[in-house]
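Peer 1: Below: one structure in structure tokens.
The values are calculated or read from the model by the stated rules, or taken from the named source; none is laboratory data. Please read all numbers here as calculations on a predicted model, not as lab measurements. For neighbour counting, all protein chains shown are included, and Cβ atoms are generated from backbone atoms with ideal geometry for every residue, glycine included. Keep in mind that these areas ignore ligands, DNA and RNA; they rest on the heavy atoms of the full protein, side chains included. Shrake-Rupley method; radii C 1.70, N 1.55, O 1.52, S 1.80 Å.
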Amino acid sequence: MFKQTTLLILFLLSSSLAVADCPDFLEHNLKKLHSDETINLCEAAFGKTLLIINTASYCGYTKQFEGLESVHQKYHDQGLLMVGFASNDFNQEASTEKEASRVCRLNYGVTFMMIAPSSVRGQTANPVFAELNKKTKEPNWNFNKYLVSYDRNNVTHFPSYIAPESDQLTTAIETALSNVRGSH
């Protein structure tokens with residue numbers, strides 16, 4: 001009993017520290033795509049490297065969902081959390097969340113986390129993208145990718161034309177993940 005209580009206390013303390021160390025831009029409850037559920041990125045991303053993407057259902061780059069899912073499958077168990085942010089900033093998102101969900105999940109088999117549509121640029125950008133835009137570059141089209149290190153100190157921007165399975169992005173992901181393993 002003493003051991004279980006001690007473990008519970010340690011878990012609660014580490015969870016509190018994790019939230020306390022979380023940067024403000026991730027400390028938000030975001031609505032999942034076509035769902036009543038919300039996700040807190042601080043909790044979901046604790047100790048993980050993030051790959052954040054602005055997506056749209058009807059873009060020339062929409063086929064990148066397949067490659068993104070492949071990257072998710074390959075690196076999820078190694079500590080990569082992928083988060084897609086649906087957005088209509090470039091007038092290419094489905095008119096309903098149901099349709100956007102159908103496109104990414106049924107048409108492309110997406111299982112990684114998708115967030116309900118929001119703005120990713122300008123004055124109305126959601127808090128996550130507002131910070132990413134300050135640290136790197138505002139998306140000028142759909143399917144920009146932002147690799148955020150586990151310690152949140154480094155953000156690397158990859159424009160739309162960089163394919164999810166490209167050598168450039170693969171090397172960056174593997175380097176970021178090896179930095180996590182090397183820090184523990």
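Peer 1: In the stretch 44-63, what count of residues is obtained for those that are more than 11 Å from the chain's Cα centre (by Cα), of a type outside the set (A, V, I, L, M, F, W, C) and open to solvent by 20 Å² or more (accessible area, probe 1.4 Å)?
Peer 2: Result for the stretch 44-63: 5.
Peer 1: When you go through E97, E131 one by one, which is the residue that is modelled with pLDDT of 95 or more, among the charged types (D, E, K, R), crowded, with 18+ Cβ neighbours inside 10 Å and under 20 Å from E27 (Cα atoms)? Before the answer, list the steps.
Peer 2: Working: E97 fails: under 20 Å from E27 (Cα atoms).
After applying the criteria, what remains is E131.
Peer 1: Does L147 fit the bill of being surrounded by 14 or more Cβ atoms within 10 Å (Cβ to Cβ) and closer than 24 Å to S101 by Cα? Give the steps one after another, and end with the answer.
Peer 2: Numbers: surrounded by 14 or more Cβ atoms within 10 Å (Cβ to Cβ): yes; closer than 24 Å to S101 by Cα: yes.
Here the answer is yes, as L147 does meet what is asked.
Peer 1: Quick one: would you say A176 is in contact with a helix residue (DSSP H, G or I) (Cβ under 8 Å, 6 or more places away or on another chain) and either surrounded by fewer than 16 Cβ atoms within 10 Å (Cβ to Cβ) or of a type outside the set (S, T, Y) (or both)?
Peer 2: Details: in contact with a helix residue (DSSP H, G or I) (Cβ under 8 Å, 6 or more places away or on another chain): no; either surrounded by fewer than 16 Cβ atoms within 10 Å (Cβ to Cβ) or of a type outside the set (S, T, Y) (or both): yes.
No: the conditions fail for A176.
Peer 1: Okay, moving on. Criterion first (closer than 12 Å to V110 by Cα, within 15 Å of the chain's Cα centre (by Cα) and of a type outside the set (K, R)) does H72 satisfy it? Break it down stepwise before answering.
Peer 2: On the way: closer than 12 Å to V110 by Cα: yes; within 15 Å of the chain's Cα centre (by Cα): yes; of a type outside the set (K, R): yes.
The answer is yes for H72.
Peer 1: Test Y108 against the stated conditions and say whether it is open to solvent by 30 Å² or more (accessible area, probe 1.4 Å), of a type outside the set (S, T, N, Q), touching a helix residue (DSSP H, G or I) at 6+ places or on another chain (Cβ under 9 Å) and farther than 23 Å from A94 by Cα. Show your work before the answer.
Peer 2: Values: open to solvent by 30 Å² or more (accessible area, probe 1.4 Å): yes; of a type outside the set (S, T, N, Q): yes; touching a helix residue (DSSP H, G or I) at 6+ places or on another chain (Cβ under 9 Å): yes; farther than 23 Å from A94 by Cα: no.
So Y108 does not fit the description; no.
Peer 1: Can you tell me which residue among A176, A163, A94, A100 is of a type outside the set (V, I, T), assigned to a helix (DSSP H, G or I), in contact (Cβ under 8 Å) with a residue 24 or more places away in the chain and out of contact with any His (no Cβ under 8 Å at 6 or more places or on another chain)? Spell out how you get there, then give the answer.
Peer 2: Details: A163 fails: assigned to a helix (DSSP H, G or I); A94 fails: assigned to a helix (DSSP H, G or I); A100 fails: out of contact with any His (no Cβ under 8 Å at 6 or more places or on another chain).
Going through A176, A163, A94, A100 in turn, just one is of a type outside the set (V, I, T), assigned to a helix (DSSP H, G or I), in contact (Cβ under 8 Å) with a residue 24 or more places away in the chain and out of contact with any His (no Cβ under 8 Å at 6 or more places or on another chain): A176.
Peer 1: If you check N140 against the conditions, is it over 27 Å from E37 (Cα atoms) and at pLDDT below 95? Write out each step before concluding.
Peer 2: Numbers: over 27 Å from E37 (Cα atoms): yes; at pLDDT below 95: no.
So N140 fails the test.
Peer 1: Within the stretch 45-91, how many residues are within 23 Å of T170 (Cβ to Cβ) and either modelled with pLDDT under 95 or small (G, A, S) (or both)?
Peer 2: Qualifying residue count for the region: 7.
Peer 1: I need the full set of residues from the stretch 156-182 which are in contact with a Leu (Cβ under 7 Å, 6 or more places away or on another chain) and farther than 16 Å from G79 by Cα, in order please.
Peer 2: Of the stretch 156-182, the ones in contact with a Leu (Cβ under 7 Å, 6 or more places away or on another chain) are 156, 158, 162, 164, 172-173, 176-177.
Result: T156, F158, I162, P164.
Peer 1: Against the definition (closer than 25 Å to D167 by Cα and open to solvent by 70 Å² or more (accessible area, probe 1.4 Å)), how does E66 come out, yes or no? I'd like the intermediate steps shown before the answer.
Peer 2: On the way: closer than 25 Å to D167 by Cα: yes; open to solvent by 70 Å² or more (accessible area, probe 1.4 Å): yes.
Criteria met by E66.
Peer 1: Among the residues of the stretch 76-91, is any part of a helix (DSSP H, G or I), within 16 Å of L147 (Cα to Cα) and open to solvent by 30 Å² or more (accessible area, probe 1.4 Å)? Lay out the reasoning, then the answer.
Peer 2: Residues of the stretch 76-91 that are part of a helix (DSSP H, G or I), as a first pass: 76-78.
Still in the running and within 16 Å of L147 (Cα to Cα): 76, 78.
Keeping just the survivors that are open to solvent by 30 Å² or more (accessible area, probe 1.4 Å) gives 76, 78.
The answer is yes, given that some residue of the stretch 76-91 is part of a helix (DSSP H, G or I), within 16 Å of L147 (Cα to Cα) and open to solvent by 30 Å² or more (accessible area, probe 1.4 Å).
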